[in-house]
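Below you'll find the structure, written out as structure tokens, and then a few comments.
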Amino acid sequence: MKIKAGSKATYAVLTCCLIAASVGAWGAVGGTRNAEPQDRETKEQSVFNIPSEIEADVVVTDVADERETEAETTEETTVIDEADNTPFTGNFAMPMASLYITKDYSGTAMVYSNTMNDWRIHGGIDFADSRGQSVMAIQSGVVTDVAYDAMWGTTVTVDHGKGLVARYCGLNKDNVPEIGCHVEKYAVIGTLDEIPIESKDGPHLHFEITVDGKTVDPLKAMNKK
């Protein structure tokens, strides 16, 4: 069979078409491979976001539980406070205008005495001020005793009612009321002088309170509601 001149052109065209088709197919395959990392990244991001949302829900639940627990604790404390009944109103004055406390009530604990150079129980509160400053009645009451004590100096004892008795120690003997005298709240019942057993602590009022004959912390007794 004879081949015509026009057949070569035809073969050339067919060859070009085959090459173009091959390139296109390869590009399609390559494009698909290049798309896989993007798809994977999208899937990985979606999976990562799921635990974050779950964790947020858990945190909110925990906070709610803690608040409920705190509310229950507060309610229980309130009930305990209300059950602490006492005959006192808390309507007391302080015995000194200056509330500078140099030594607190120690209860059963031992504290060091600068004057006696030993350790002992301190059954009252020491309010420091200068000699001659006024000492006031913490509440209305009746003076039951006025005496000089070798350790505590001149003392005035006042029965303020309902079992509460206050002892004001370290007063000047010339400025005190008489036994049986009724005093009002804020009334001046003496002025500061000296306390022999606590002389190295400077001028101050040694103030004690007993409730039904038992020595107690003065500040706590006066702050009972």
Restricting attention to segment 150-184, the residues that are within 39 Å of the chain's Cα centre (by Cα) and part of a loop (DSSP other than H, G, I, E, B) number exactly 6
Of everything in segment 196-225 that's in a loop (DSSP other than H, G, I, E, B) and under 25 Å from Asn91 (Cβ atoms), which residue is modelled with the lowest pLDDT? Lys225
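Of all residues being part of a loop (DSSP other than H, G, I, E, B) and not aliphatic (A, V, I, L, M) in segment 185-195, which is nearest to Lys214 (Cα to Cα)? Just the residue, please.
Among them, the one singled out is Lys185.
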Checking the structure you have, find out if any residue of segment 127-143 is on the phi > 0 side of the Ramachandran plot, free of Cβ contacts under 8 Å to residues at least 40 places away in the same chain and not polar (S, T, N, Q). no
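Looking at segment 135-147, is at least one residue in contact with a helix residue (DSSP H, G or I) (Cβ under 9 Å, 6 or more places away or on another chain), modelled with pLDDT of 95 or more, of a type in the set (Gly, Ala, Ser) and assigned to a strand (DSSP E or B)?
Scanning segment 135-147, I find no residue that is in contact with a helix residue (DSSP H, G or I) (Cβ under 9 Å, 6 or more places away or on another chain), modelled with pLDDT of 95 or more, of a type in the set (Gly, Ala, Ser) and assigned to a strand (DSSP E or B), so the answer is no.
The values are calculated or read from the model by the stated rules, or taken from the named source; none is laboratory data. All values derive from a computational prediction rather than experimental measurement. As a convention, Cβ positions derive from the backbone with ideal geometry for all residues, glycine included, and neighbour counts pool all protein chains shown.
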